[in-house]
Amino acid sequence: MEVIFRIKRFDGGSSYWDEFKVPINMTVLEALFYIKENIDSTLAFRAFCRMGICGSCAIRINKKPMLACETQISKLEKETIELEPLKNFNVIKDLVTDFEGFFKKQKLAKPYLIRKSKGEIQQTPKQLEEYYKYTLCIKCGACVSACPVAKRCLGPAPVVAAHRFNRDSRDEGKEERLKALSDHIWHCHFVSDCSEVCPKNLHPAEVVQKVRLEVLKFNLGW
Amino acid sequence: MKFRYDVVIVGAGLAGMRAAIAIAEKNEDVSVAMVSKTYPTRCHSVCAEGGTAAVFDKEDSLDLHAWDTVKGADFLADQDAVELFVSECPKEILTLDAWGCPWSRTEDGKIALRPFGGQSLNRTVFAKDRTGFHEVHTLYERILQYPNIEIFSEYFLTGLIVENDEIKGLTAIDIKTGELTLFEAKAVILATGGAGRLYGFTTYSHNVTGDGMAVAYRCGVPLKDMEFFQFHPTGLVPSGILMTEACRGEGGYLLNKDKERFMKRYAPEKMELAPRDVVARAMWKEMIEGRALEGEHGLYIALDLTHLGEKKIKARLPLIREAAINFAGIDPVEKPLPIKPVAHYTMGGIHVNKNCETDVKGLYATGEVACISIHGANRLGSNSTSECLVFGRIAGENALDFVLNKDFKLVKEDEFFEEERKIEEIFNKNGSESPYAIKKELNEVMDNYLWIFREESGMKKAVQKIKELKERYKDVKITDKSKSFNTDLIYTIEIGYMLDLAEAVAVCALFRKESRGAHYRLDYQKRDDVNWLKHSLAYKTADGVKVDYAPVTITKWEPVERKY
Amino acid sequence: MSLNTIAFYLHRITGVVLSLYLCMHFTFLTSLKTGDYERLVKASKEFFVLHLLLFLACIYHGVNGIRLVIHEFGYMYKYRKILLYLTFVITFVIWVLFCWKVIK
Ligand SMILES: Cc1cc2nc3c(=O)[nH]c(=O)nc-3n(C[C@H](O)[C@H](O)[C@H](O)COP(=O)(O)OP(=O)(O)OC[C@H]3O[C@@H](n4cnc5c(N)ncnc54)[C@H](O)[C@@H]3O)c2cc1C
């Protein structure tokens, strides 16, 4: 059994659609390798861990940003599958987009533990669970791709990163972080598609609202 | 393009990032470039699942950790390095704690421990079953805070520039633009990870192709103990995705087709938690002798977690569950998982001493790319991420000491042009061979002849076949002639690296006429300490691999029979 | 385009339309003089259909705005999909009631 992959290609100058036949009993990523190794070795895409943890292979599959490695073709239940690069990123080639800006924005949210105290640290499993979920962001860019305003603002991912540290009992830098976010957090319009596409189910839309309220309270001195 | 940094670190995995931080923490003025072919959070270390070894249990001791490691290594580890290693592990865990790593905890807020193969006591610190992922992210977040660390992501190392046994810099392709870039440096640290993609059935990420090893090897730096390749018992069929040893650490069983916990016949005391070489061999034997199960993807063994219950699996092994459902369509809460042994770790690597120094002045290697050697003939699970942290720091600190009060050595234009010419030559290749076909055949050779059970005739065939593939590689065709993000070119260069490394593996394996740790020969089934208690050193010469040997450092523990 | 995104764009578009209309409307109102009753009635007859549509935009913008405020204050995130559908349903119901009322 085979399906058709319609892939949006870009060679630096122009973009065009290309079609390939691929076997159905594999993941989208395996099929991309199948094309590269057997049909057209000029096809460019990113792929590393192939187990859904490195965050390299997010592309739009039938318009929805997804991890190619985690997506079984058969589960898509379509005979023609469209693959496009992520939106809101500049395309470098074919399915490869430029992530420099994404990682730069990440830094604005001070996504690291800020802690001046020294000495032994304790953290109960309950305190751990307070923030653990938000440590799972793999920085794949799916949320940014789904967001209609992300191109011009911070985008959801950095806010999730900030939230993760704000809730960590070891952290002492919440205020600093909220201050840093003050200029960047107001663009969200709660489209909430980021929550629908996040491959790790981190609900960025919810997090952004929560952090925004925290920033608001902080700025008002409540 | 040309850049100049005091220290250039190649590789942004656990080892590379730890090295960068070590330098920046001690000195704000030394400039550091961290060059890697992936973004830091995409390195292979994010795949590490089970945990990181360190002594925390009150009953445990550094000596016991060292002994387990040495015994696990089948006595091929350098014991001075092991002693240094175990003494530094706990500090690294606490450091990462202070930097934000979400370690799993006990009820009273202390760092939790889980059992792992070959350990006398529980010694594996973990963050659920995503330990590597959290460690990598913690280090990456830390790095963002040091202004003197510059990150160069998606730069692909192609060559080292060495003169009179001293490093001057390196060249790397800027993948985005396709330009060859020169990095001048007083010191270079290689931290490019293992070479697992030599094998077809493997747990490794697609990009773990041993580049750093191959580049150093081509510059005359010897590779140590390349014949020792670890096979992990539990790779998910058919993808090879790892089902962490923690599955067994948490109480999972290995079952054959008669639902028997067959490990009782091979390691009555440790059962499923014997070291990986022992378990992998036992499984392979079950498979060969007809006691394995059979499915649409061939033979397999069952990894049964069902008796652990949903709660424990969700709390301790969430990633495993997610991966099993996504990639095998099986929920481990309900059904046993199909698994079989899988290529997993490169014990060998660039020959360095316990300061991570190579014979080239200013060139360091650390992490999986290096062979220090603390893993000897078989690594114990969870010792490798610890190694990356401990020796990442040591490499960084030593490189820092080395560059202070040193001047840059200028790289001559000709030296750069020579590197450029080499890349051009590959880029322009228009032969008749598909690089991917060559890689596929290489994987088959490795999977067939240099797998868990090895023998003379097979390994000879492998050496021969690899030679042929190297010949065919000369006539390779690069279809993509564009500059920007040319993965056709990058993959082809990687395949060239892999061919060199495969040859070193095969030749060293063929020469070693004994069975030790992961290197098990059907024609020499016993360990032979009289003749073979020594490290192999492979040198690249004009007429192939030249193998030399170096003694093993023994401090406290004389080799004894290894029983589990 | 997902319904979420459609809701987003509709909110922007109705917002722009309403502010333009309000500007025009106020200009018109302030230009009215005593005894302009005729003009007023004429205008309202001429633009009858347009007014109905404008009201639709107005209700949507208002109802959707309330939905967004609810979410922004951290409430009912779990019910975001239901609330989204409800926004369209409520808008439509109010509008139909209104139309029925004015046409009758
Ligand atoms: C699935 C899996 C699970 C594991 N689980 C555990 C575990 O539970 N506990 C444990 O202790 N160990 C575990 N290991 C082993 C451990 O993960 C690795 O040994 C360790 O992460 C290696 O880290 P590293 O920093 O040396 O290299 P890597 O993390 O592989 O990083 C290599 C870096 O080098 C860069 N690089 C490579 N080639 C080039 C080039 N040509 N040019 C530029 N940059 C380059 C890469 O981009 C990357 O940034 C596991 C391994 C696997 C495969």
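The values are calculated or read from the model by the stated rules, or taken from the named source; none is laboratory data. What you see is a predicted model; the values in this text were computed from it and never measured. Cβ coordinates were reconstructed from backbone atoms using ideal geometry, including for glycine residues, and neighbour counts include every protein chain displayed. In case anyone asks, the SASA skips ligands and DNA or RNA and just uses the protein heavy atoms, side chains included. Shrake-Rupley method; radii C 1.70, N 1.55, O 1.52, S 1.80 Å.
So for the stretch B:397-417 (the condition being among the aromatic types (Phe, Trp, Tyr), in contact (Cβ under 8 Å) with a residue 12 or more places away in the chain and within 16 Å of the ligand (Cβ to nearest atom)), does at least one residue qualify? No, that holds for no residue. Residues that are more than 20 Å from the chain's Cα centre (by Cα), within 15 Å of the ligand (Cβ to nearest atom) and more than 21 Å from B:GLY193 (Cβ to Cβ) do not occur anywhere in the stretch B:76-84.
Only one of the listed residues (A:GLY155, A:GLY173) is in contact (Cβ under 8 Å) with a residue 60 or more places away in the chain and within 11 Å of another protein chain (Cβ to nearest Cβ). That residue is A:GLY173.
Restricting the stretch B:217-250 to residues that are in contact with a Pro (Cβ under 9 Å, 6 or more places away or on another chain) and more than 14 Å from the ligand (Cβ to nearest atom), the residue that is nearest to the other protein chains (Cβ to nearest Cβ) is B:PRO238.
Considering the conditions (1) closer than 30 Å to A:ASP183 by Cα; (2) more than 10 Å from chain B (Cβ to nearest Cβ), A:LYS63 is excluded by exactly one of them, (1). When the residues of the stretch B:70-97 are filtered to those that are free of Cβ contacts under 8 Å to residues at least 40 places away in the same chain and among the hydrophobic types (A, V, I, L, M, F, W, C), the one that is surrounded by the most Cβ atoms within 10 Å (Cβ to Cβ) is B:VAL86.
Within the stretch B:449-466, none of the residues are modelled with pLDDT of 95 or more, small (Gly, Ala, Ser), open to solvent by less than 10 Å² (accessible area, probe 1.4 Å) and within 16 Å of the ligand (Cβ to nearest atom). Screening B:GLU322 against (1) open to solvent by 50 Å² or more (accessible area, probe 1.4 Å); (2) away from the ligand (no atom under 15 Å from the Cβ) leaves a single unmet condition, (2).
When we screen A:ILE35, A:ILE7 for residues that are surrounded by 16 or more Cβ atoms within 10 Å (Cβ to Cβ), closer than 29 Å to B:GLU433 by Cβ, more than 24 Å from the chain's Cα centre (by Cα) and of a type in the set (A, V, I, L, M, F, W, C), the only hit is A:ILE35.
Scanning the stretch B:108-136 for residues that are more than 10 Å from the ligand (Cβ to nearest atom) and open to solvent by 10 Å² or more (accessible area, probe 1.4 Å) yields B:ASP108, B:LYS110, B:ILE111, B:LEU113, B:PRO115, B:GLN119, B:SER120, B:LEU121, B:ASN122, B:LYS128. Checked against (1) touching an Asp or Glu at 6+ places or on another chain (Cβ under 8 Å); (2) part of a helix (DSSP H, G or I); (3) surrounded by fewer than 16 Cβ atoms within 10 Å (Cβ to Cβ), B:LEU410 passes all but condition (2). Are any residues in the stretch B:485-507 within 11 Å of the ligand (Cβ to nearest atom) and in contact with a helix residue (DSSP H, G or I) (Cβ under 9 Å, 6 or more places away or on another chain), and if so, which ones? Those that are within 11 Å of the ligand (Cβ to nearest atom) and in contact with a helix residue (DSSP H, G or I) (Cβ under 9 Å, 6 or more places away or on another chain): B:ILE493, B:GLU494, B:TYR497. Among the residues of the stretch A:118-136, those identified as facing chain B (nearest Cβ under 9 Å) and either assigned to a loop (DSSP other than H, G, I, E, B) or open to solvent by less than 20 Å² (accessible area, probe 1.4 Å) (or both) are A:LYS118, A:GLU120, A:ILE121, A:GLN122, A:GLN123, A:THR124, A:LEU128, A:TYR131, A:TYR132, A:THR135. Residues in the stretch A:46-95 that are touching a helix residue (DSSP H, G or I) at 6+ places or on another chain (Cβ under 7 Å) and small (Gly, Ala, Ser) were compared, and the one that is nearest to A:CYS137 (Cα to Cα) is A:GLY55.
Every condition in (1) farther than 30 Å from A:THR71 by Cα; (2) within 11 Å of chain C (Cβ to nearest Cβ) is met by A:LEU220 except one, and the failing one is (2). Name the single residue that is farthest from the ligand (Cβ to nearest atom) among those in the stretch B:48-62 being over 26 Å from B:GLY13 (Cα atoms) and touching a residue at least 40 places away in the same chain (Cβ under 8 Å). Checked the stretch B:48-62; the qualifying residue farthest from the ligand (Cβ to nearest atom) is B:GLU59. Annotation: A:LYS110 fulfils all but one of (1) outside any helix (DSSP H, G or I); (2) out of contact with any Pro (no Cβ under 8 Å at 6 or more places or on another chain); (3) open to solvent by 20 Å² or more (accessible area, probe 1.4 Å); (4) away from every other protein chain (no Cβ under 11 Å); the unmet one is (4). In the stretch B:115-182, counting only strands (runs of 3 or more DSSP E) that sit wholly within it, the ones holding 1 or more residues that are more than 21 Å from B:VAL411 (Cα to Cα) and not charged (D, E, K, R) span B:149-153.
Output yes when any residue across the stretch B:300-310 is free of Cβ contacts under 8 Å to residues at least 24 places away in the same chain and open to solvent by 10 Å² or more (accessible area, probe 1.4 Å), and no when none is. Checked against the condition, which is being free of Cβ contacts under 8 Å to residues at least 24 places away in the same chain and open to solvent by 10 Å² or more (accessible area, probe 1.4 Å), the stretch B:300-310 yields at least one hit. Screening the candidates B:VAL390, B:VAL360 for the property of being within 13 Å of the ligand (Cβ to nearest atom), open to solvent by less than 40 Å² (accessible area, probe 1.4 Å) and assigned by TED's automatic domain parsing to the domain that holds B:VAL32 yields one hit, B:VAL390. Restricting attention to the stretch B:328-367, the residues that are of a type outside the set (Lys, Arg) and not in a strand (DSSP E or B) total 20.
Being part of a helix (DSSP H, G or I) and out of contact with any helix residue (DSSP H, G or I) (no Cβ under 6 Å at 6 or more places or on another chain) holds for only one residue in A:GLU196, A:GLU206, A:GLU172, and it is A:GLU196. Among the residues making up the stretch B:177-197, those that are more than 12 Å from the chain's Cα centre (by Cα) and either closer than 19 Å to B:ILE350 by Cα or of a type in the set (Phe, Trp, Tyr) (or both) are B:PHE183, B:ALA187, B:VAL188, B:ILE189, B:LEU190. Among the residues of the stretch A:204-217, the ones that are more than 11 Å from every other protein chain (Cβ to nearest Cβ) and farther than 23 Å from A:CYS137 by Cβ come to 1 in all.
Just one of (1) touching an Asp or Glu at 6+ places or on another chain (Cβ under 9 Å); (2) within 14 Å of chain A (Cβ to nearest Cβ); (3) surrounded by fewer than 24 Cβ atoms within 10 Å (Cβ to Cβ) fails for B:CYS101. It is (3). Taken over the stretch B:198-216, the residue count meeting the criterion of being over 26 Å from B:PRO40 (Cβ atoms) and within 9 Å of the ligand (Cβ to nearest atom) is 0. Of all the residues in the stretch A:66-82, those that are open to solvent by less than 10 Å² (accessible area, probe 1.4 Å) and over 13 Å from B:ASN326 (Cα atoms) number 1.
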